[in-house]
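A short write-up of the structure that comes next.
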Amino acid sequence: MSAAGLRHALVTPVLALLLSCSGYTAPLYSFFYQVPNDGWLSTQEYFFPIAITPETDTTSAYTVTGIVRLEAGYTLESIPIGIVYESPSHSIESKTVSISLTDVISQKGGYNYVEVPFVIEDIMYFPSPGTYTYSYRHLLTDSVAKGVREVGIWIAPAKP
């Protein structure tokens, strides 16, 4: 066995043990889009298709969290986000979430960005196999949200 293979064979079980002891639970789905340098256009809607396979546990509850990553020093106090959810049967629901950034703006740090999570669904079930899709766009009166670097979604098992 090569040195790299031996290292992989030794490190993987240790890493798995550490993650299981830390309470880390892998997400069902996570994905991020990088926003162009000139900003997030109000016409740019980001889509997150989640493929639920027959092997996926359809009885478990999940928490759906949107995430916006901002440049340090972002100056707006809030960002309204329009969210659309579509089920495999093409049933569509929409809602608006306002992300408060007042605490984020006051944070100073050595990082190039600040991550701001916002709850889309506290408890969500994916009751049958198929593609479930979330999408969102900003609803600011300005057509460009400057300083937004990435937008993403994180779907993980709900905490009991």
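The values are calculated or read from the model by the stated rules, or taken from the named source; none is laboratory data. Predicted, not measured: the structure shown is a model, and the values here were computed from it. FYI the Cβ positions are ideal-geometry reconstructions off the backbone, even for glycines, and counts take in every protein chain you see. We work out accessible area using only protein heavy atoms, side chains counted, and drop any ligands, DNA or RNA first. Shrake-Rupley method; radii C 1.70, N 1.55, O 1.52, S 1.80 Å.
Classify region 47-98: rounded, prolate or oblate, from the alpha-carbon gyration tensor (a ≥ b ≥ c, eigenvalue square roots; a/c under 1.5 rounded; otherwise prolate if a/b is larger than b/c)? Spell out each step's value before the answer.
Values: a/c = 3.06, a/b = 1.99, b/c = 1.54.
Since a/c reaches 1.5 and a/b is larger than b/c, the shape of region 47-98 is classed as prolate.
Lys and Arg at +1, Asp and Glu at -1: add these up for the other residues within a Cβ distance under 14 Å of Ser42 and post the number. Let's see the in-between values first.
Numbers: positive: Arg137, Lys146; negative: Asp38, Glu45, Asp142.
Net charge around Ser42: -1.
In whole percent, and with a 1.4 Å probe on the protein chains, what portion of the accessible area of region 115-160 is carbon and sulfur?
Numbers: 1300 of 2300 Å².
So the carbon and sulfur contribution to the accessible surface is 57 percent.
For region 38-85, with every protein chain kept in place, what is the accessible area per residue (1.4 Å probe, Å²)? It would help to have the intermediate numbers written out before the result.
Values: 2170 Å² over 48 residues.
Here the per-residue accessible area is 45 Å².
Counting pairs of alpha carbon atoms under 8 Å apart in space and at least six apart in sequence, what relative contact order in percent does region 20-96 give?
On the way: 20 pairs, mean separation 11.6, N = 77.
Relative contact order for region 20-96 comes out at 15 percent.
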